[in-house]
Amino acid sequence: IFKELVTDSPETMTALGLDQTPKGSWAKELLDDRSLEAQEKDIDRSDRWLRLLNGVERRDLSGMDRVNYDSVRFQFALDAEAARRFPYGIRGVPKPYVVSQQNGAYQDIPDLLRSQHSIATEADAQAYLKRLTAFAGALDQETHQIDHDATKGIYPPSFIIDRTVALLRQIREGRAKDSELVSSLEERAAAAGLSGDWGANASTIVAQEVFPALDRQIAALARLKSQASSDGGVWRFPEGDKYYAFALRYYTTTDLTADQIHQMGLEQVDKISAEIDRILTAQGMVDGT
């Protein structure tokens, strides 16, 4: 399962350094597929993995083998449930917006190219250029999902739209040749002693492909602004209460309700505050709360 999961994600291959091996070098010029069709394939794959795990006799496992089995099976079962019950946002995970101030290709891919895509050979630099072109495609795939989710009534609140658009514009502003997407390749290719005008090639791709894709994503979010409110909670969604309850189970592995978790938080604050008060009082700090 792990090997298949990794080899289905060129970006994970890069993150693990596997794209620098002879068998993994194919991954270096590719990015993950972010299309809706790819997400459906991921759901089918998780179902297949879950069937594989269900074929294991749990009673034959002991110690950490059983713990690992239970953990992985729990994760895949929740992934499959999330993807089918809530077909929007980041599928399989309770993250309702595919693009926000916290996530999206516009954040992930520039970081990948800058800090994880190594440049030592001409092939590495050529792969960088191919990934730049693929970056534009990844942006468009997520823009398509923004529009798709909006038809289901799923879109960010106004303050998230504002912040996300501002971050997108930071990447989009200025001239292509001054972009970090260009300078990252140009500077590292020079440091590696690679001949060729890599900066000019990257600048052309950024100007003709990446910037227009960023413009399309900014426009898609701007279209939603007229519909968006300042309400941040998922109660706005169809069956939003069920989505929230599922998110709690996903992230806490419990069946506690929102009220129970909130009460737990209040009790913890009271307990810790009383402890802090005793410590401060013992040090002579007796005035104020």
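The values are calculated or read from the model by the stated rules, or taken from the named source; none is laboratory data. Model, not experiment: these values are computed from the prediction. FYI the Cβ positions are ideal-geometry reconstructions off the backbone, even for glycines, and counts take in every protein chain you see. Please note that ligands, DNA and RNA were not included when accessible areas were found on the heavy atoms of the full protein model with its side chains. Shrake-Rupley method; radii C 1.70, N 1.55, O 1.52, S 1.80 Å.
Largest accessible area first, the listed residues Lys23, Lys152, Lys130, Lys271 line up as Lys23, Lys271, Lys130, Lys152 when surface is computed with a 1.4 Å probe on the assembled protein chains. Estimated at the nearest 10 Å², the accessible area of Asp231 is 70 Å² with a 1.4 Å probe.
So how strong a dipole does the range 26-174 carry about its Cα centre when Lys and Arg Cβ are +1 and Asp and Glu Cβ are -1, to the nearest 20 debye? Each step should come with its number before you reach the end.
Values: 21 positive and 24 negative charges, 63 e Å.
With Lys and Arg at +1 and Asp and Glu at -1, about 300 debye.
Within the listed set Glu186, Glu122, Glu57, the residue fluctuating most in the Gaussian network model of the chain (springs between alpha-carbon atoms under 10 angstrom) is Glu57.
Scaled against 2.2 N^0.38 Å for its residue count N, the alpha carbon radius of gyration of the range 204-275 is 1.84. By the helix-only formula, in which each DSSP H run with n ≥ 4 contributes -39500 (n - 2.57) and the sum is divided by residues, the chain has a 222 nm mean residue ellipticity of -20500 deg cm²/dmol. If eta is 1.567 mPa s and T is 4 °C, what Stokes-Einstein diffusion coefficient results for the range 31-167, Kirkwood Rh from Cα pairs, in µm²/s? Value of D from the Cα-based Kirkwood radius: 74 µm²/s.
Give the value in nm², to one decimal: projected area of the alpha carbon convex hull of the range 127-170, averaged over all directions.
Seen from a random direction, the Cα hull of the range 127-170 projects 3.7 nm² on average.
Per-residue SASA remark: Asp277, around 80 Å² accessible (1.4 Å probe; ligands, DNA and RNA not included). A Gaussian network model of the chain, with springs between Cα atoms under 10 Å, assigns the largest mean-square fluctuation among Gln260, Gln116, Gln75 to Gln260.
Within the assembled protein chains, the solvent-accessible surface assigned to Phe74 is about 80 Å², based on a 1.4 Å probe.
Net charge dipole, the range 88-195: roughly 180 debye, given to the nearest 20, about the Cα centre with Cβ charges of +1 for Lys and Arg and -1 for Asp and Glu. Over every Cα atom in the chain, the radius of gyration and the widest Cα-Cα span, Dmax, amount to 23.5, 71 Å. 3J(HN,Hα) couplings calculated from phi for the range 117-131 with the Karplus curve 6.51 cos²θ - 1.76 cosθ + 1.60 (θ = phi - 60°) are, in sequence order, 7, 6, 10, 10, 10, 4, 4, 5, 5, 5, 5, 4, 4, 5, 5 Hz; Gly and Pro show x.
Comparing Thr281, Ser25, His117 along the charge dipole axis of the chain, the residue lying farthest to the positive side is Ser25, per the Cβ-charge model. Against the chain, whose longest principal axis is taken from its Cα atoms, helix 105-115 shows a tilt of about 70°.
Helix 36-54 and the longest principal axis of the Cα set of the chain meet at an angle near 50°.
Charges were assigned to the Cβ only: +1 to each Lys and Arg, -1 to each Asp and Glu. The resulting dipole of the chain about its Cα centre is roughly 360 debye.
Which order do Tyr155, Tyr128 take by accessible area at a 1.4 Å probe, largest first? Display every interim value, and only then the final one.
Details: Tyr155 40, Tyr128 0 Å².
I get Tyr155, Tyr128, largest accessible area first.
Note on the range 1-98: percent of Cα-Cα distances in each 5 Å bin, starting at 0 and stopping at the bin with the largest distance, equals 2, 12, 18, 18, 18, 16, 11, 4, 0.
Considering only protein heavy atoms, with the full assembly of protein chains and a 1.4 angstrom probe, order Thr289, Thr253, Thr133 by accessible area, largest first. Each step should come with its number before you reach the end.
Details: Thr289 170, Thr253 95, Thr133 55 Å².
The most accessible residue leads, giving Thr289, Thr253, Thr133.
Two numbers describe the Cα atoms of the range 96-199: Rg and Dmax, which are 16.0, 52 Å. Heavy-atom accessible surface of the chain, averaged per residue, reaches 56 Å², computed with a 1.4 Å probe. The calculated FRET efficiency for Arg249 paired with Glu187, based on their beta-carbon distance and R0 = 41 Å, is about 0.30.
Just to confirm the number: angle between the C-alpha axis of helix 158-172 and the first principal axis of the chain, 0 to 90 degrees, nearest 10? Relative to the chain, helix 158-172 is tipped by roughly 30 degrees.
Report, in whole Å, the centroid distance computed from the Cα atoms of the range 164-222 and the range 80-134. So the separation of the two Cα centres works out to 16 Å.
Take the residue pairs Lys130/Lys177; Lys95/Lys271; Lys28/Lys225; Lys95/Lys177 and return only those whose Cα atoms are more than 28 Å apart. If you can, show how the numbers build up before the last one.
Numbers: Lys130/Lys177 17 Å; Lys95/Lys271 32 Å; Lys28/Lys225 37 Å; Lys95/Lys177 34 Å.
Checking Cα-Cα distances, Lys95/Lys271; Lys28/Lys225; Lys95/Lys177 exceed 28 Å.
Expressed as a whole percentage, what fraction of the accessible surface of the range 1-109 belongs to carbon and sulfur atoms when a 1.4 Å probe is rolled over the protein heavy atoms?
That share works out to 53 percent.
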